Amino acid sequence: PTTLDEQAVRTRVAELLDRSRARSTALTDAVDDSDLVAQHSPLMSPLVWDLAHIGSQEELWLVRDVGGREPLRPEIDGLYDAFQHSRASRVDLPLLTPPEARSYVAEVRDKALDALDRTPLRGRRLVDNAFAFGMIVQHEQQHDETMLATHQLRVGAPVLHAAPPPPGLDPVRLGPREVLVPGGRFEQGTSVEPWALDNERPAHPVDLPAFVIDTYPVTGGEYVAFVEAGGYDDPQWWSAAGWAHRVEAGLVAPQFWERDASGTWWRRRFGVVEPVPADEPVVHVCFHEAAAYAAWAGKRLPTEAEWEKAARHDPATGRSRRYPWGDDDPTPAHANLGQRHLQPAPVGAYPAGASAHGVHQLMGDVWEWCDSGFHSYPGFEMFPYPEYSEVFFGGDYKILRGGSFGTDPSAVRATFRNWDHPVRRQIFSGFRCARDATPVESAAGGL
Ligand code: AVJ
Ligand code: FE
């Protein structure tokens, strides 16, 4: 018999599947078919690959695995296996055409919804089957964010539109630039969040010395000061690997920035060219640029554990929250998520989203580089397949936390761990700074 609980899960999953598909459709209908099959950057797949790959993963996990159905298109599995073909080479594969890809994903979705209706979602299966649906919702949303990054790389007139973000706070109301997080234990990761991926598990204690962290991400205005001070010309701020990359790639400023003859910095954002906004978190910087800025500012990047403690730890109860503001799911008042806006919001725009430690904009706006590699937590158990996280542990990656304006709320939590190569910056990546607390600060317990 169907329990109320089970029906509620079904309804919620169906809504989220609908929402992710509406987003994929909007991102792929926004351009001509010739644009869908084009290579906008060797760092990205053609958009039509992402679309059919979304369908292919859904077929594997929901139609074949959960639903126990026969394969729809077994012959195309290899084309859409991300491990078989590099992003740069996908444009040369005999991919489904845009009309074929559209009808393929629609056919898969019909069968996935049928599986959702017929599959038990109770008991142990509630965990396993409901998780498979949650994983597929998150997978589609992750590729939607990737497609959004491809749109940003695409050259041409604007085709995406969204309302501007809410205004920020003036510096007086924003308060201090940094805050002390006292030393001590907190719980990192989760064992209970239903849609948490394997790499976020299990919950485990971490003991950290006191540290100081920025109350909001580094802004465009602050970053311009680093550029104008010659930060890109002075190897003392850069790690050896960072400097080598800065020279080899010819980095002079964040991606999509350009300086005019009068010295004004401009940025291109989804086809719109506008002055770099001084009060918006800087975006499209790689890990090396973020670390160099932090060194120039006399600080460093936070570790992943520091970021998570600043975001989740509630000093009043000792508990770790699901989100910086508490346990409630994100609303538009909490964070700039879900592509509601096509840019980060000015600092201070989400006072309701601040953490217990008074740290703003940890969720949404920009992914934040952390000075930590991608490793498993103690007690990690691979689930449901090694290719999601396990094969990436220990690779040449740095952690990113918190999600960007292009991340859907269904695909991010304060425990969510993203990772990428330290040289990547076509993603919506920014950062905030941290530093060790001085003995006086640690002893005082507050700034
Ligand atoms: C977690 C964002 C690094 O996009 O490469 C998508 C997510 N895994 N398909 C990525 C993912 C398989 C992944 N990241
Ligand atoms: Fe994928």
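The values are calculated or read from the model by the stated rules, or taken from the named source; none is laboratory data. Remember, predicted model here, so these are calculated numbers, not experimental data. With ideal geometry, Cβ positions are generated from the backbone for all residues, glycine too; neighbour counts draw on all protein chains shown.
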(message) Looking only at the stretch 389-440, count every residue that is among the aromatic types (Phe, Trp, Tyr), within 11 Å of the chain's Cα centre (by Cα) and in a loop (DSSP other than H, G, I, E, B) and tell me the total.
(response) 3
(request) Identify, from the list Ser45, Ser56, the residue that is within 30 Å of Ala157 (Cβ to Cβ) and within 14 Å of ligand 2 (Cβ to nearest atom). (result) Ser45
(message) Only one of Tyr385, Tyr377 is within 16 Å of ligand 2 (Cβ to nearest atom), hydroxyl-bearing (Ser, Thr, Tyr) and part of a loop (DSSP other than H, G, I, E, B). Can you tell me which?
(response) Tyr385
(message) Among the residues of the stretch 138-171, what is the count of those that are away from ligand 1 (no atom under 16 Å from the Cβ), among the acidic types (Asp, Glu) and modelled with pLDDT of 95 or more?
(response) 0
(message) For the stretch 278-335, give me each residue that is among the aliphatic types (A, V, I, L, M), touching a strand residue (DSSP E or B) at 6+ places or on another chain (Cβ under 9 Å) and not in a loop (DSSP other than H, G, I, E, B).
(response) Ala290, Ala291, Ala294, Ala305, Ala310, Ala311
(request) Working only within the stretch 59-82, note down all residues that are basic (Lys, Arg) and either surrounded by 16 or more Cβ atoms within 10 Å (Cβ to Cβ) or within 11 Å of ligand 2 (Cβ to nearest atom) (or both). (result) Arg64, Arg73
(message) Here is a list: Ala52, Ala101, Ala14, Ala30. Which entry is surrounded by fewer than 16 Cβ atoms within 10 Å (Cβ to Cβ) and either of a type in the set (Gly, Ala, Ser) or at pLDDT 95 or above (or both)?
(response) Ala14
(request) Output the residues belonging to the stretch 40-57 that are touching a His at 6+ places or on another chain (Cβ under 9 Å), assigned to a helix (DSSP H, G or I) and either over 21 Å from Pro384 (Cα atoms) or away from ligand 1 (no atom under 12 Å from the Cβ) (or both). (result) Leu47, Trp49, Asp50, Leu51
